[in-house]
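The values are calculated or read from the model by the stated rules, or taken from the named source; none is laboratory data. If you're wondering where the values come from, they're calculated on a predicted model, not measured in any experiment. Cβ: placed from backbone, ideal geometry, glycine included. Neighbour counts: every protein chain shown.
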Amino acid sequence: MEREKVESSSLDSVGYDPRSETLEVEFKNGGVYRYLEVPEDEWRSLRTAESKGSYLNTHIKPTYRYRKLVSAKKRGRG
């Protein structure tokens, strides 16, 4: 999934696949998470939020299932 860089103190990049309703978030520390069954309006709200980290913590994390992926740094890209 393609991710776009974001201006955030905790997030590095975010991406979204509307077909599968999957949100992918890469944190500054290299961790990558996929949030499942996230509606497209939540994705738009995250992208336009003044604080993307706060939006993720208050709206996405407590609501949607997720799984952690192997970080880019662990795959030798960082």
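When the range 16-34 is examined, which residues are found to be crowded, with 16+ Cβ neighbours inside 10 Å and closer than 16 Å to G53 by Cβ?
Here is the first cut: in the range 16-34, the ones crowded, with 16+ Cβ neighbours inside 10 Å are 16, 21-27, 31-34.
Correct list: L23, E24, V25, E26, F27, G31, V32, Y33.
Filter the range 35-77 down to the residues that are part of a loop (DSSP other than H, G, I, E, B), modelled with pLDDT of 95 or more and small (G, A, S), then identify the one that is surrounded by the fewest Cβ atoms within 10 Å (Cβ to Cβ).
Applying the first criterion (part of a loop (DSSP other than H, G, I, E, B)) to the range 35-77 yields 36-39, 49-51, 61-65, 70-77.
So of that shortlist, the ones also modelled with pLDDT of 95 or more come out as 36-39, 49-51, 61-65.
With the extra rule that they be small (G, A, S), the set shrinks to 49, 51.
On the way: A49: 16, S51: 13.
Across the range 35-77, the extreme among qualifying residues is S51.
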Selection count where residues are assigned to a strand (DSSP E or B) and either touching a residue at least 40 places away in the same chain (Cβ under 8 Å) or on the phi > 0 side of the Ramachandran plot (or both), scope the range 25-34: 2
Pairs with Cβ under 6 Å, 6+ apart, first in the range 4-20 and more than 15 Å from N57 (Cα to Cα), second surrounded by 10 or more Cβ atoms within 10 Å (Cβ to Cβ) and of a type in the set (F, W, Y): Y16/W43
The range 5-37: number of residues that are over 10 Å from the mean Cα position of the chain (by Cα) and acidic (D, E): 4
